[in-house]
Amino acid sequence: MNSQHLHLALTTPLEELLTIPQGVQLAHNVREGLEGITPEQAVAILRAINGMIESALQTERDASGDELITRDENRDVEWLMQALADENHLIPAGQPHIPNHIYFLVLAAFKLGGVVEQRLSYKTTHFPASAVATLLEAQEAWAYAELLPSAQPVTETIETAWNRGLTPDSFGSEDIKKLQSKQAKKAADSRHQSNRIAKQRALELYFATTHSTIDAAAASIASQVFRAPGTVRNWIFAARRARGMNGE
């Protein structure tokens with residue numbers, strides 16, 4: 001993830017963004033949302049996001065038993081959602097707790113910056129499909145940031161309760177860690193079970209019907225099991241290899 005994209009989104013004069021649909025408003029929104037966060041902190045958060053996405057990708061590989069799954073099979077905003085749902089947070093050293101909506105704001109800024117770089121570099125009226133897709137992802141990330149509450153972390157919530165005289169008999173930092181670990185394991189187990197069911201159903205559909213190619217099958221089945229076509233394609237290839245089948 002190129003931190004220069006983040007810099008462009010946060011510093012490019014708004015008048016230079018007029019050629020980007022909703023670019024001025026989106027830049028204003030993310031800058032306002034990230035007010036108080038230094039450029040260095042924003043870059044550190046972006047690096048944390050990249051690590052969270054890579055972790056979510058590995059979790060997906062482990063859950064499906066398929067090492068062929070690549071990062072390109074989902075958008076970054078979707079990988080980030082998965083990481084946060086699994087409570088897989090990475091917090092840059094020296095920074096306080098980062099609310100979930102901040103991660104999405106930084107991601108929105110990064111995606112917008114990629115579009116800004118493309119527009120400033122080529123200065124053309126042509127707006128390629130890749131730039132449109134990136135801009136839509138930036139807008140979606142910002143929308144998620146707007147929807148998420150700025151909730152206190154668990155430790156701050158408990159500290160507030162203690163200060164109000166609601167201290168439990170025994171609930172220290174180790175108890176908090178155990179509770180968080182239990183919640184994370186429960187979320188991961190639930191996701192793994194969902195993936196196993198989706199994979200089983202996808203393969204049932206594939207071997208029960210006839211398709212011209214594996215890609216065509218994956219595209220058709222993906223919407224029925226709510227998974228990316230690339231993921232379904234990898235499941236099919238692995239199942240065919242296990243059965244000694246070759247070719248499309």
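Could you list K199, K111 so that the one with the fewest beta carbons within 10 Å of its beta carbon is first and the one with the most is last? Spell out each step's value before the answer.
Numbers: K199 23, K111 29.
So the ranking, lowest neighbour count to highest, is K199, K111.
What's the exposure ranking of H28, H101, going from fewest to most Cβ atoms within 10 Å?
Working: H28 12, H101 18.
The most exposed by this proxy come first: H28, H101.
Cut-off is 10 Å between beta-carbons; in what order do S64, S3 appear when sorted fewest neighbours first?
Numbers: S64 20, S3 16.
With the sparsest Cβ surroundings first, the list reads S3, S64.
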Listed residue (I49, S64, A109) projecting farthest to the positive dipole end of region 30-120, Cβ model | A109
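No value in this document is a laboratory result; all are computed from the given coordinates. Bear in mind the structure is a predicted one, so any value in this text is a computation, not a measurement. No Cβ is skipped: glycine too gets one built from the backbone with ideal geometry, and neighbour counts run over all protein chains shown.
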